[in-house]
1. In degrees between 0 and 90, to the nearest 10, how far off the longest principal axis of chain A does helix A:67-82 point, with axes built from Cα atoms?
2. Rolling a 1.4 angstrom probe over the protein chains, ignoring ligands and nucleic acids, what is the accessible area of B:PHE107 in square angstrom, nearest 10?
3. Report, for A:HIS106, each distance to the same residue's label point in the other copies, shortest first and in nm; define the point 7 Å along Cα→Cβ.
4. For B:PRO11, go 7 angstrom from Cα along the Cα-to-Cβ vector, then report the distances to that same point in the other copies in nm, smallest first.
5. So the label point sits 7 Å from Cα along the Cα-to-Cβ vector; using that for B:LEU38, what distances do you get to the other copies, in nanometres, sorted shortest first?
6. With N set to the residue count of the protein assembly as shown, report its C-alpha Rg divided by 2.2 N^0.38 Å to two decimal places.
7. Please give the charge dipole size of chain A, origin at the Cα centre, charges +1 on K and R Cβ atoms and -1 on D and E Cβ atoms. Round to the nearest 20 debye.
8. Tell me whether the range A:5-62 comes out rounded, prolate or oblate; compute the Cα gyration tensor, take square roots of the eigenvalues as a ≥ b ≥ c, and use a/c under 1.5 as the rounded threshold.
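The values are calculated or read from the model by the stated rules, or taken from the named source; none is laboratory data. Please read all numbers here as calculations on a predicted model, not as lab measurements. Note: ideal-geometry Cβ built from the backbone for every residue, glycine included; neighbour counts use all protein chains shown. Side chains are part of the model used for accessible areas, which takes the heavy atoms of the whole protein and leaves out ligands, DNA and RNA. Shrake-Rupley method; radii C 1.70, N 1.55, O 1.52, S 1.80 Å.
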Number of protein chains: 2
Amino acid sequence: MSKPARTPDPPYYAVIFTSTRTDVVEGYGETADRMVELASQQPGFLGVESARDANGLGITVSYWESEEAIAEWKKHGEHRLAQGHGWGRWYQEFFTRVAKVERANHFERE
Amino acid sequence: MSKPARTPDPPYYAVIFTSTRTDVVEGYGETADRMVELASQQPGFLGVESARDANGLGITVSYWESEEAIAEWKKHGEHRLAQGHGWGRWYQEFFTRVAKVERANHFERE
């Protein structure tokens, strides 16, 4: 996830997850990694980008073929949450925004 | 920009800018700060979130009331670029994606 995701031409969907963390570290890294692993195995998954700044703000954007694919992932995700990973403990605040990508430009240096 | 942006209820628009940098630092920080300052003065600007990870990936998401507001900002932005800030030198790669935010959830710890 250290490079921009290689998404196809629009339209497709983005889930923008922006957060600040609590001080609770127990279980966070493993669960975050596992979530990305699970997401990438879901039908309709197109890619993910994630960055956490030194100032504490984290942004993860996942890309999906359709709203249906997001709904399926959400069901899966919530299933995982139900298993007691304690998601809520890790976050001070978050926004989840679902958006339809209408156009995109890509630049890459030779 | 160390917290999630306080956006209103959807619908609104997001510009997701994902990048990796070159080694060129000259002028970058000042110009990036200035771009945020200018954006925040534009009509229709709703907020911005930005994070650059230790692994090098940067994600900046700006939020806008309408496509027209984005188009006006783009014109303004390109005008700045035309003044020789050398934008292209700073990036190894980037994606710019314009997306319509259709729904959002917010959580904040008491």
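1. 10 degrees
2. Counting only protein heavy atoms, B:PHE107 exposes about 70 Å² to solvent.
3. Those label-point separations list as 3.5 nm.
4. Label point to label point, same position, other copies: 0.9 nm.
5. 4.4
6. Dividing the Cα Rg of the protein assembly as shown by 2.2 N^0.38 Å gives 1.00.
7. 120 debye
8. oblate
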